[in-house]
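The values are calculated or read from the model by the stated rules, or taken from the named source; none is laboratory data. These figures come from a predicted structure and were not determined experimentally. Cβ: placed from backbone, ideal geometry, glycine included. Neighbour counts: every protein chain shown. Heads up: the accessible areas ignore ligands, DNA and RNA and are worked out on the full protein's heavy atoms, side chains in. Shrake-Rupley method; radii C 1.70, N 1.55, O 1.52, S 1.80 Å.
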Amino acid sequence: AQSVTQLDSHVSVSEGTPVLLRCNYSSSYSPSLFWYVQHPNKGLQLLLKYTSAATLVKGINGFEAEFKKSETSFHLTKPSAHMSDAAEYFCVARSVNTGKLIFGQGTTLQVKP
Amino acid sequence: GAGVSQSPSNKVTEKGKDVELRCDPISGHTALYWYRQSLGQGLEFLIYFQGNSAPDKSGLPSDRFSAERTGGSVSTLTIQRTQQEDSAVYLCASSFQGEVSGELFFGEGSRLTVL
């Protein structure tokens, strides 16, 4: 069965340092992949999406993610963390069989001053 | 409206009571989804509407859960005889193209606490 695994439930960085949120997916095919962000008491917002046009995808707020088929990974990065980046981040895959979205368990990003 | 609107934002109820959660999607969005987010868990799919019909109800956890959508707009999720394990944040999302594009627009959720 297709699945999405976010390798870290909690990541803590200092403001101004790089961010890396890891995501691996399992699939026999190259799926469509997404990152969503959820700020406290807010709805989820799409950060970026990969749909096979380019392996390096740029999103909002300076985030980007690279699709690596050989590693079945879609890690989210940002060169320099900002306090406003503190939130919950979800890696999501669209099932090639059903078309439904499959959410990872989420990673909480803490940004320290 | 400007975004997906959900009400109530918070609901505390006693075990055994029925609750109704409402979702008002973005105008013109034909696809509407309900998800459940429990503490420390990812999002659990509940039900999907295309227009007023629900082609996929596979995520509803039991027959105590039901949902309807009228006029291709507002949707109501009803939980009968609530149990403590129903406590969660219930998120609604809408989309113009459905999950094909992956871009769902989420509401802020309804936090349900069952005592």
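Key figures for this structure:
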| read-out | value |
| --- | --- |
| Identity of the residue in segment A:71-113, over 16 Å from residue A:11 (Cα atoms) and open to solvent by 70 Å² or more (accessible area, probe 1.4 Å), that ends up farthest from the other protein chains (Cβ to nearest Cβ) | A:71 |
| Candidate set from segment B:90-104 (those that are modelled with pLDDT under 95 and more than 9 Å from chain A (Cβ to nearest Cβ)); member that is surrounded by the most Cβ atoms within 10 Å (Cβ to Cβ) | B:94 |
| Residue check for residue B:107: under 23 Å from residue B:53 (Cβ atoms), open to solvent by less than 20 Å² (accessible area, probe 1.4 Å) and either at pLDDT 95 or above or not aliphatic (A, V, I, L, M) (or both) | yes |
| Failed criterion for residue A:42 (all others in (1) free of Cβ contacts under 8 Å to residues at least 12 places away in the same chain; (2) part of a strand (DSSP E or B) hold) | (2) |
| Residue match in segment B:10-19 (condition: within 14 Å of another protein chain (Cβ to nearest Cβ), modelled with pLDDT of 95 or more and open to solvent by 40 Å² or more (accessible area, probe 1.4 Å)) | yes |
| Residue, farthest from the other protein chains (Cβ to nearest Cβ), within segment A:39-64, restricted to residues that are on the phi > 0 side of the Ramachandran plot and small (Gly, Ala, Ser) | A:62 |
| Search result, residues across segment B:70-89 that are on the phi < 0 side of the Ramachandran plot, small (Gly, Ala, Ser) and not in a strand (DSSP E or B) | B:73, B:87 |
| Any hit, segment A:80-90, residues being of a type in the set (A, V, I, L, M, F, W, C), more than 22 Å from residue B:41 (Cβ to Cβ) and in a strand (DSSP E or B) | no |
| Positions within segment A:48-65 being at pLDDT 95 or above and under 10 Å from the mean Cα position of the chain (by Cα), in sequence order | A:63, A:64, A:65 |
| Number of the condition not met by residue A:26 [criteria: (1) modelled with pLDDT under 95; (2) open to solvent by less than 20 Å² (accessible area, probe 1.4 Å); (3) among the hydroxyl-bearing types (Ser, Thr, Tyr)] | (2) |
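Every residue, every condition in (1) open to solvent by less than 30 Å² (accessible area, probe 1.4 Å); (2) under 27 Å from residue A:105 (Cβ atoms); (3) within 14 Å of chain A (Cβ to nearest Cβ); (4) over 11 Å from the mean Cα position of the chain (by Cα), yes or no:
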| site | (1), (2), (3), (4) |
| --- | --- |
| B:30 | no, no, no, yes |
| B:34 | yes, yes, yes, no |
| B:46 | yes, yes, yes, no |
| B:56 | no, yes, yes, yes |
| B:64 | no, yes, no, yes |
| B:68 | no, no, no, no |
